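Enquirer: Questions regarding the structure given below will be posed in turn.
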Protein chains: 2
Amino acid sequence: MSPPDDIMDATWCALCRRGYADLTMQAIADETDKSKAALHYHYDSKQELLESFLDHAADRFLERLHKAAAEAETPAAQLSAVVDAAFSPPVGDDRESVSAALLELRAQAPHQPAFRERLCEADDAFCDLLAAVLAAGVESGAFRADLDPQRAARTIVTFFDGSRLRQVSLDEDPEMARTLLESYLDSAVYAEGQR
Amino acid sequence: MSPPDDIMDATWCALCRRGYADLTMQAIADETDKSKAALHYHYDSKQELLESFLDHAADRFLERLHKAAAEAETPAAQLSAVVDAAFSPPVGDDRESVSAALLELRAQAPHQPAFRERLCEADDAFCDLLAAVLAAGVESGAFRADLDPQRAARTIVTFFDGSRLRQVSLDEDPEMARTLLESYLDSAVYAEGQR
């Protein structure tokens, strides 16, 4: 059964407003027109709800990236669109609160194997999408012939994760990492004269 | 007054053992031969103790990096030694627990301006050290003449932070990011034939 969207939206709001440490089932219920008992009808525990929420957040993120890739025509345009989408907050969300709440969840992974499993699945899917775009660009000649798509994809996600951590912990503008990533793409990914 | 070393060591142990969420003054006292009351003689609150701890952890990290740089003779050897030191856990510490505990503290930065201030200071010092080594290498001809030391330093710390987050949240081996960083250094930092 797919999770009720209104509960997922409410979890998103409650996490942004209160952070992970202060999150309660009551706080989530307060963001919906449901009672706390109604929440427990769907989820036995906060833990179970948050596992479902992580799947939901990953699906939302990956859908945006796949949509961005599908709307672009060439591998170079796809790479640019996917990077744009990854660095942009979902419309209507407050990027700082979202990033902070997700980082708190990620920091719990060593204590929560079910969280880690979901985070790994989402990361694999992000890497796979990037690697497919990069491989298509090598094929078409837009990207360097000696590019290793898997390694380049991992480099991009490492940049992206560094940016997330720096945004939350240091209040660094994500545009900083974005600009550094563009330099990496220029020097290591795009074929000469293809940009 | 510099913080008593035994309390800082005890905080380190207690954080690794219990994580941030379950950390109490009593848990820290339990790792020393001091009472909780004795801890409160030095620190009014857990908050104040943790601020002091972040300074201490940053000092320890930066000392290791400066020592590594001082022991190497050429800018290329210095860069390699500093990257090595940054990616290596302090001797005797369990790298996974240390990284997890520090990530939990970093994730608190949006709610703790005093934490963020210390994290920013430490990050600036890390960037400055890298930028100085990079500038020396441009000067000596070991690194590319068109290298921007500040931008390259920021790229390296972004990689490093990405690696930290991926280690804790995905259980990724830090050697992965380390290898990707080496590729970046080969293509963007070292001058042709200088490696």
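Since every read-out is calculated from the coordinates, none of them should be taken as a lab result. Computed from a predicted structure; not experimentally measured. Reconstructed Cβ throughout: ideal geometry from the backbone, glycine too, with neighbour counts over all protein chains shown.
Enquirer: Using the Cα atoms of segment A:3-88 to build a convex hull, what is its mean projected area in square nanometres?
Expert: Computing the convex hull of the Cα atoms and averaging its projections yields 6.2 nm².
Enquirer: Could you pull out every residue, at least 5 positions away or on a different chain, whose amide H is within less than 5 Å of the one on B:ALA191? Hs are placed 1.01 Å off N in the peptide plane, and Pro or chain starts have none.
Expert: Hits under the 5 Å cutoff: B:PHE143, B:ARG144.
Enquirer: Moving on. Starting at the first residue of segment A:161-173, write each ³J(HN,Hα) from the Karplus equation 6.51 cos²θ - 1.76 cosθ + 1.60 with θ = phi - 60°, in whole Hz, x for Gly and Pro.
Expert: With coefficients 6.51, -1.76 and 1.60, one gets 5, x, 4, 4, 5, 5, 4, 6, 7, 10, 6, 6, 5 Hz.
Enquirer: Could you work out how much longer the chain between A:ASP94 and A:MET176 gets when fully extended? Use 0.36 nm per residue separation minus the Cα distance between them, nm to one decimal.
Expert: Contour length minus Cα-Cα distance gives 27.7 nm.
Enquirer: For chain B, taking Cα atoms only, what is the radius of gyration to one decimal and the Dmax to the nearest whole Å?
Expert: Using the Cα atoms of chain B, the pair Rg, Dmax is 18.4, 61 Å.
Enquirer: Given contacts defined as C-alpha pairs under 8 Å and at least six residues apart, what's the relative contact order of segment B:58-189, whole-number percent?
Expert: Reported relative contact order: 24 percent.
Enquirer: Sorted from fewest to most neighbouring beta carbons within 10 Å, what does the list B:ARG18, A:ARG106, B:ARG118 look like?
Expert: With the sparsest Cβ surroundings first, the list reads B:ARG18, B:ARG118, A:ARG106.
Enquirer: Give me the distance between the Cα centres of segment B:43-95 and segment A:102-142, rounded to whole Å.
Expert: 29 Å
Enquirer: Output the Kirkwood hydrodynamic radius of the protein assembly as shown, Cα pairs only, in Å rounded to one decimal.
Expert: Result for the protein assembly as shown stands at 22.4 Å.
Enquirer: Name the lysines eligible as straight-distance cross-link partners of B:LYS46: C-alpha to C-alpha under 19 Å, and not fewer than 8 places from it in the same chain.
Expert: B:LYS34, B:LYS36
Enquirer: Please rank A:GLU31, A:GLU73, fewest neighbouring Cβ atoms within 10 Å first, as an exposure proxy.
Expert: Listed from fewest to most nearby Cβ atoms, that is A:GLU73, A:GLU31.
Enquirer: Hey, another quick one. Using a Debye calculation, one point per C-alpha and no hydration shell, please list log10 I(q)/I(0) for segment A:34-76 at q = 0.21 Å⁻¹ in order.
Expert: The Debye formula, applied to the Cα set alone, gives -0.71.
Enquirer: Shifting gears a bit: For A:THR155, B:THR24, what's the fewest-to-most ordering of other Cβ within 10 Å of each Cβ?
Expert: Ordered from fewest to most neighbouring Cβ atoms within 10 Å, A:THR155, B:THR24 come out as B:THR24, A:THR155.
Enquirer: For chain B, what does -39500 (n - 2.57) per DSSP helix run (n ≥ 4), summed and divided by total residues, give at 222 nm, in deg cm²/dmol to the nearest 500?
Expert: -23500 deg cm²/dmol
Enquirer: Give me the inter-chain shielding for A:175-186: mean count of other chain Cβ atoms within 10 Å, whole number please.
Expert: Average neighbour count from other chains, rounded to a whole number: 3.
Enquirer: Mind checking which aspartates and glutamates have their C-alpha under 13 Å from A:LYS67, skipping anything on the same chain fewer than 8 residues away?
Expert: Cα-Cα hits under 13 Å: A:ASP59, A:ASP84.
Enquirer: Computed FRET efficiency, Cβ-Cβ of A:ASP44 and A:THR24, R0 25 Å: what is it to the nearest 0.05?
Expert: The pair A:ASP44/A:THR24 has a calculated efficiency of 0.95.
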